[in-house]
1. Name the one entry in 74, 98 that is surrounded by 20 or more Cβ atoms within 10 Å (Cβ to Cβ) and within 15 Å of the chain's Cα centre (by Cα).
2. How many residues does segment 96-128 hold that are without any contact (Cβ under 8 Å) to a residue 24 or more places away in the chain and at positive phi?
3. Look through segment 112-122, keep the residues that are surrounded by fewer than 16 Cβ atoms within 10 Å (Cβ to Cβ) and not charged (D, E, K, R), and return whichever of them is modelled with the highest pLDDT.
4. Can you name the condition, by its number, that residue 131 falls short on among (1) surrounded by 15 or more Cβ atoms within 10 Å (Cβ to Cβ); (2) without any contact (Cβ under 8 Å) to a residue 60 or more places away in the chain?
5. Among residues belonging to segment 144-164 that are open to solvent by 20 Å² or more (accessible area, probe 1.4 Å) and assigned to a strand (DSSP E or B), point out the one that is nearest to residue 181 (Cα to Cα).
Amino acid sequence: MRRILAAAVAAGLAVGLTACASPSDAQKPAASHSTIPKPTPTSTGSTQPADLASTSDLGIAIYDAGTYLTGKDSGYATDGSSTDAFPMHSRVQMVRVSLDGSSPAGDVDVTGLTVKDSRWEGDPNLAVLDTNEGPAHARSLGLPWLAEGAFDSSSKWKLTNHKLVNFLLAFYVPTSATVLHLVVNVPSQQVPLTLNLTLASD
């Protein structure tokens, strides 16, 4: 299954990455999605999977899709703190997720897929999605934001065999973090799948 997925995704969608938002951009008026700052490319490249995982009928590949610096505070604080955990100019790591089905039934039910249990190695807190600016960066890359966007918010999320579905995630990067443990939980599968992405060097 891993070989099939790797070959399929390598021939699939190639995501173009261009230049990152500078700190001065945060002082400019809000831009439309067609003119938002573009993410910074990383050395990993979008065509090589950072990690692969599979069950008997579902394959998942993740890709380093680049980074950007935020133009505003996150509005998120850890328990017991009044300080913003990710202030303006924090680094955000984008992750492209690619799903591939291989079921005797012809499709795989991925309804309710979540990544809420993902963590950064060495950080006791759950990884935090940038819901402020992440959706706009997803649009700039031509990708849906989260699994909900990939399946058009349908009540049933059906993954047709070998018809790749891609979507984007964007996680704030805590200080000194280097490895993201992305936990993909699909209720129809027996156990969650954990995939690892190591940040590219600056």
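1. Working: 74 fails: within 15 Å of the chain's Cα centre (by Cα).
Of the residues listed, the single one that is surrounded by 20 or more Cβ atoms within 10 Å (Cβ to Cβ) and within 15 Å of the chain's Cα centre (by Cα) is 98.
2. The total comes to 0.
3. The residue in question is 114.
4. Status for residue 131: all satisfied but (1).
5. 145
Table: residues versus (1) open to solvent by 20 Å² or more (accessible area, probe 1.4 Å); (2) out of contact with any strand residue (DSSP E or B) (no Cβ under 8 Å at 6 or more places or on another chain); (3) part of a loop (DSSP other than H, G, I, E, B).
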residue	(1), (2), (3)
103	no, no, yes
124	yes, yes, yes
142	yes, yes, yes
166	yes, no, no
176	yes, yes, yes
183	yes, no, no
200	no, no, yes
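The values are calculated or read from the model by the stated rules, or taken from the named source; none is laboratory data. These numbers come from a predicted model, not from an experiment. Cβ: placed from backbone, ideal geometry, glycine included. Neighbour counts: every protein chain shown. Side chains included, ligands, DNA and RNA excluded: accessible areas come from the protein's heavy atoms. Shrake-Rupley method; radii C 1.70, N 1.55, O 1.52, S 1.80 Å.
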